[in-house]
1. Residue by residue, what Karplus-based ³J(HN,Hα) values in Hz, rounded to whole numbers, does the stretch 161-168 have, using 6.51, -1.76 and 1.60 with θ = phi - 60° and x for Gly and Pro?
2. With a 1.4 Å probe and every protein chain kept in, tell me what percent of the accessible surface of the stretch 127-270 is carbon plus sulfur.
3. Which one, Gln72, Ala271, Val145, is farthest towards the positive end of the dipole of the chain when Lys and Arg carry +1 and Asp and Glu -1 on their Cβ?
4. What ranking do 216-227, 19-30, 47-58, 77-88 get when scored by the average of other Cβ atoms within 10 Å per residue, highest first?
5. Considering the alpha-carbon set of the stretch 133-281 alone, what are its Rg and its Dmax in angstrom?
6. In debye to the nearest 20, how big a dipole does the chain give about its Cα centre with +1 on each Lys and Arg Cβ and -1 on each Asp and Glu Cβ?
7. Tell me, in nm to one decimal, what length is gained between Gln167 and Asp191 on full extension, where the rule is 0.36 nm per residue of separation less the Cα-Cα distance?
8. Please give the peptides 101-108, 132-139 ranked by average Cβ packing (other Cβ atoms within 10 Å per residue), highest first, as a rough proxy for protection.
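The values are calculated or read from the model by the stated rules, or taken from the named source; none is laboratory data. Note that the structure is predicted; figures quoted are calculated from it, not measured. Neighbour counts are summed over all protein chains in view; Cβ atoms, including those assigned to glycine, are modelled from backbone coordinates with ideal geometry. Accessible surface areas use protein heavy atoms only, side chains included; no ligands, DNA or RNA. Shrake-Rupley method; radii C 1.70, N 1.55, O 1.52, S 1.80 Å.
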Amino acid sequence: MRIANVLGRSALIVDGQAVDVEEASEGQFGSNMSRIYERWPDFRRWAEQLNATSGTPIDPSQLGPPSPAPRQVFAVGLNYRDHTTESGFEQPDSPVICAKFPSCIAGPEGELGLPSENVDWEIELVAVIGTEARRVPVSAAWDHVAGLTVGQDYSERRIQHAGPVPQFSLGKSFPGFGATGPYLVTPDEFDDPDDLVLQCTLNGEQVQKGRTSAMIFSLPELISRISAVCPLLPGDLIFSGTPDGVGMARVPPRFLREGDVVVSHIEGIGALRNVCRAAEE
Ligand code: ZN
């Protein structure tokens, strides 16, 4: 099952077309995407028995974030071996977790305002939580995931590395720095949801390519570790880390410039497309 946020309304994607959830459910489920996650098991049951025959064509520019108002957004640093090496760190023996503050969450298309000349790209698989998870074992973690989507963990490297200790959360939280979409895809749609190809291109040039099976801490492991501390709530997001190929690690470093086009793609989900613009004062 695929769902999307179309012009701010929840929609099921059927044969590439959008079926409005509020209309098709005759008001049983509302138009607000965030509310869908509050009733995720009920929603799934309803959606699976729906026999929708017609929808409306999808214009990618109308798509918003699949979870538009998450209460918590976690991000994982150094979760791929080659990225850890290129960043100059030892391999972590426990997950490196920070926050992306929810005001940074954006949809799959549109302009990215660059607040400086130090903004980097990080393609990431993002999990959206469907049912509350408290201290869940690894074996039960997938049961709490509503679905997967594509994420870009845009990162302002100067702020991230300013001060005596890194400021990961602040450097990753400018408006638009949490691009997500284009769809939420339920885990059953994938042959193996733990092994997906993810890649990022910059102006058509491939800058990152990896497989999610190469994560040091798998998504179920991350859910188990995070939920041991913070209860994961419906609609929450987990950005699960990026493979190697970020701009900071290049010689010389390469950062985003006005006019650059960043396309972030994950197998079986789709792509995000952002055009970079100088941020307004
Ligand atoms: Zn990241």
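1. Whole-Hz 3J(HN,Hα) from phi for the stretch 161-168: 9, 6, x, x, 10, x, 10, 3.
2. Working: 2970 of 5580 Å².
Heavy-atom surface of the stretch 127-270 belonging to carbon and sulfur, 1.4 Å probe: 53 percent.
3. Towards the positive end, the residue furthest out is Gln72.
4. Numbers: 216-227: 20.9, 19-30: 15.6, 47-58: 11.9, 77-88: 18.1.
With the highest mean Cβ count within 10 Å placed first, the list reads 216-227, 77-88, 19-30, 47-58.
5. Reported Rg and Dmax, both Å: 16.3, 48.
6. Details: 22 positive and 38 negative charges, 123 e Å.
With only Lys, Arg, Asp and Glu charged at Cβ, the dipole is about 600 debye.
7. Working: separation 24, 0.36 × 24 = 8.64 nm, distance 3.73 nm.
Going from the current span to full extension adds 4.9 nm.
8. Details: 101-108: 20.4, 132-139: 14.4.
Sorting 101-108, 132-139 by mean packing, highest first, produces 101-108, 132-139.
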